[in-house]
Structures are given as structure tokens and as C-alpha cells.
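Nothing in this text is a laboratory measurement; each read-out follows from the coordinates by a stated rule. Note that this is a predicted model, so its numbers are computed, not measured. Glycine also receives a Cβ, built like all others from the backbone with ideal geometry; neighbour counts cover every protein chain displayed.
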Amino acid sequence: MSDNLIWNIYNILRGESSLQKSAVDLFILQVLSWLKLSKKNELCPEKTFESVRKGQITTSLLENLFYGLAKSPSELSKKIGLNVEGFKVSGSIAMINRSVLIALLDYLWSAYQSDNIDYENIVWDIARYYDSQSGLTRINYEVAKLATDIADIQSNENVYCPFESSYNGAIICADYTNNIFTESPVESAYPYLVNILCDISLNPNFSDPIEAPSWVENGKLRKFDVTVAFPPFGIRYRQETADIFNRFSEKSLYGEVLHIRHCIAQTKRKAIIAVPLGILFRTSAGEKELKQDIIEKGLIEAIISLPPGLLANTSIPFALVVLNLQSNNVSPYDILFIDASSERFFKRQNNRNTLSNIDEIISIIKNPCDGPYSKIISSKICEDNEFNLLPNRYVLSSAQQSLENLINESSVIEINKIADIMRSQSVRSKEDGVHEFLEVMVSDIPLTGYIQKPGHSSLVSSKKLQKAKQQRLKPLDILISTKGSIGVVGIVPPSFEGDWLAGQSFQILRLKEKENIIIDPRILYMYLRSFVGQELIKSKAAGTAVQMVQVRDIKNFPVIILTKEEQKEVLKSFEEEIKIQHKMKDLEQQLDDIKKKHWNK
């Protein structure tokens, strides 16, 4: 019923195009709270829904009524908060057409009489149909349920839910304990209305948890037993964030670093924090220092990557980081990685992905083991991987595991032992150019064979000419795309005209000349283009908006060593490809000639 009810309400209000979605959602919650309080006989008779509906209803009448409820000097004020925003209609709602308002109240009266309103489900429905213009919430029920189940909250524990997006986590936490404390920089009636609709007692504070934390006791941050946090993604803070509580030991502008540090500072037992995947693999100073520190202190219990598209207002992939603040672990110790990003853990519903099989994830948390979706990894291995904490780095699919077995069973050598690795750098400038360079782009890489003449050229200024010359490509250099289009591999021809540069998506591999176990650069090129090479490259890719392979992964990339005779066979295959490429070019020319044969001027 609640699903149809919320859609019907939205349809009634659809014609009011001037209304912001966030204002509409808040108004719906206010009216439903008024309905529920009326049903429970907690209002004086003249202020109940039934009594007011019998009179001449106007938006100004409702506004005055709600304002009066907010100022009511009674026990009711404890439920809606002393803040007058609790039942105050926004200016845009005050302009709603009277006929639309009457239609809305008539519809709700019908539902009210039949006692078919599930108030708590409506709160979740509004969260589910959240759009980017709404400021109320963005975490759906299933994700919030998983986080709170992982927390294993006891009835006597205090739970901290910082940041505005954590309200829905707080609602589920209230199923386990009455001691829920929220903190949001945005002052809103939302937590008070949720208290009424869900029969819970959130304790809200309105302050920025990072810039000005407000849950303080005796001049120190209050410690809560459990923290369930859904911080905003992609936030950057100013260079010097005020911190009188000494929370931030790393210098970082990334919000994720500060969010994790803040949650640690206010938690006694366990913290579950949602983070975008970027922080799990990035190695900038502040992020790497944070991951190294919490690993060395034994705090990380588990990391769970979740399916894409779960959040209504962003496509950013994310994970839950589970921290145990009472851990006695000493590094090296075991960390549980769960890759719940596959189709097994989501279903398509109402044009959105919905988390599924939550019980299976919880079961793995309670009984850690190696399995198709989980892996127990020593913190030492994470350290060896420069604190890359992406679950799919360690939890391999069956195809990836087969590749891993092949690598383990083969004689291999790291690519940096056989080739020099160079990163292409920009040589563009605002000054007038004096020398032309041809730039190889991803689009210039053929399916097979040598790179043909690049189609893009640029003039380099005299100031950057020397830098550009140092990056000039040489015959048989290998280009591998490590940003965006991952794994595109090309090889420079033995001879070419002009000066060529590699585009910035590429890493340049130049085979070392002395005592090399690989007899020809074309061998390495063919390996990187092979099924094994391509799958290995793609397995190293990470990123949120743009996929990339980090330099260290290219340096450590395993190359399966062939005998010299086997390598000669690979060279023959390469030459066969070149012959086929020439035949294809001839055939393309023949096709072009046929097209020009008729109806030509």
C-alpha cells in the first residue's frame, strides 16, 4: 500500500512544477506526521486532521497549524523538537494550488479512514524515489540494513550516525537500541518527523562533524559504542581544517580520510563506514598513510565492495569498511575481503539496482572463510601491494583464478626486469609552437600489426622542445593504455617519418638491450595482446569515474617466459599477422574501388 500511496501523492503534486522535490518530500512527511499524531489522539481536537479537513483548507491555514504544533508547549514538542522548523511549511509549499491541496488531503483522508498507511515504509519509499534535487536522504533500506547488521548492535549500546546521509542507517539502528545520536551540518525537520512516523527517538545535533563536531563531553569528543556512517562522497576540504581534537594525523584534502579519522575518534567498539572505492586503491600521501596506520594498529576487520548503482543519486561504486576499535591484532594479521559487487548480490527493481542476498554477506562476516566471494588476506600482503585494499584485488573470479594458477605454475619475470617503463607527459603549452610532433592516440592503435602514421599533430614551443625530444618514440617501442581504455596495446614500426610522441593514456615499454631473456620487442607485444596478457592487465584496473592501472602494477606485471624456440614461433605468428593486415588493406582498397565504380561524377 505504501508504494502505491507515495506514487499517488507524487502524481497529485505532479502539476506543481515550481515545487522542489526536497520541499515536496518534507511536506509529505509533515502531513503524514500530522495524520499519525491525529490518529493517536495526541493533538487537541481542533488541530486534528479530521477537524481541520472539515473547514476551509488553505496553505496558510496549514502553515499556521504546523507552526503552532512546533511551538506547542507540551510533551509533543519533545517528539518534533523544539526547533520551529519541525512543522514549518517552506515558502514553495505555501504557494501550492488550493485545489491540489484539497485533492491531496482527500486522498490521504481515504487512506487514513481505511487505516492503510504504513508510515515507516513511506519513509523508505521516499528514500527509494530520491532524486538529485532532494536533500533528505540517499541510502536505501537494503544498504542501511547490511551496515547495521554488521554492527551487531546491543540494546544497551550508544550508536553514532554522523552526516546527513546516515539518517536511514539511524532508523534501522533504532530497531536495536533507543540510544541513537545523529549529526548533520544541514538543519532539518527530517529526523524529528522520522521520530514521529517510525516511533523512534533519534537524538539529532546540527553541526558539521568534520569542521565543528558537537557531540562533546568535558571538552573531549564523546565516544560511542558503535558508529554507522554514510559520509558524502567526493568531498574536498580546505587545506587547513580546524581540529582542536587532534583527529587528523594525515595531511589530506580528501574527505574520505577525514571521515574515517573522525569516526575512529568517536567510536569505542565498532565502526562501519561507507567509502568510494577510490580511497581503497589510491596511494597519495594522506590516503596511504591512513591505510598503513589503521592496518598496523590492527583495526581493519573487513572490507566489502558492493554492487554498482545501489545509490539513487550517484553511480559511484563504494564499499563498507568495518573497523574493530577493540582489536588486539598485531600486524601481520588477517583481513576479510568480500567482493559482493557481482550479479549475485543485486537485482533490478524499479529501474534501480537493489542489494540482495544480504544474509549471505552477514554469514561470511560471522564465519570468515575463503570462498567464491571472499578471501582472508594477511595484512603483510596488503602492505606488499602498497595498501591496495580493493576486494577484487584479492577475491578472484574462476577465470582470474585460472590465470593466477597459470602464472604460479609458469616461469615468469617482472616486466621492469626486461623493459624500461616511461610515462608520457604533456608537452603542450600556450606559447607558439616551433616544432611539429605526431601524437599517437588510442584511436591510432590497429587491431594487429604496427601503428600507422598518427592522425594527431601538435606544435611544441621552444621551452618544452627538449622535454618533448626526450619522450620521442623509438622503433619497436610498445605502448600500453593504462587510463580509460585499459589494455590497448600497440607497437611502433621499425621505421617511420617525423617525431612521434605517445598520448597521455599510454605507458611506454622499451625492451632493455643487454642480456635480455626476451629476444625481440614483438614477443612482449604479442604477449600483452594475448588473452592471458589482456586479462592480467584488466585485473589490475581500478578507478571510480575513470579506470586506470597504476605504474607499480605495470612494473610488477608478470611475463611468462618462453624458450627461444617458442619465441621464434611467436615472431612467425607476428609476421603472419602483418601479411594478413596487408591483405586486409588491399581488400579494403578493392571495396573502395567498387564503391567508386558507379554513379561517380
Note: L465 to Q400 extended length (0.36 nm per residue) minus current alpha-carbon separation gives 19.0 nm
Based on the mean of other Cβ atoms within 10 Å per residue, sort peptides 528-536, 143-151 so the most packed one is first. 143-151, 528-536
Separation of the I413 and S378 label points, Cα + 7 Å toward Cβ, nm: 2.8
Going by how many other Cβ atoms sit within 10 Å of their own, how do R247, R222 line up, fewest first? R222, R247
I need the fraction of alpha carbon pairs in the chain separated by more than 41 Å, rounded to a whole percent. 43
Please report the net charge: other residues with Cβ closer than 9 Å to the Cβ of D225, K and R +1, D and E -1. +3
Only counting other Cβ atoms within 10 Å, I'd like I200, I172 sorted with the fewest neighbours first. I200, I172
How many percent of DSSP beta bridges within the chain run antiparallel, rounded to 5? 65
Which order, highest average first, do 445-452, 464-471, 304-311 follow once you tally other Cβ atoms within 10 Å for each residue and take the mean per peptide? 304-311, 445-452, 464-471
Ascending count of other beta-carbon atoms within 10 Å, so fewest first, for E240, E142: E240, E142
What are the radius of gyration and Dmax of the stretch 456-518, computed over its Cα atoms and given in Å? 13.2, 40
Sorted by packing (mean other beta-carbon atoms within 10 Å per residue), highest first, where do 186-194, 354-362 land? 186-194, 354-362
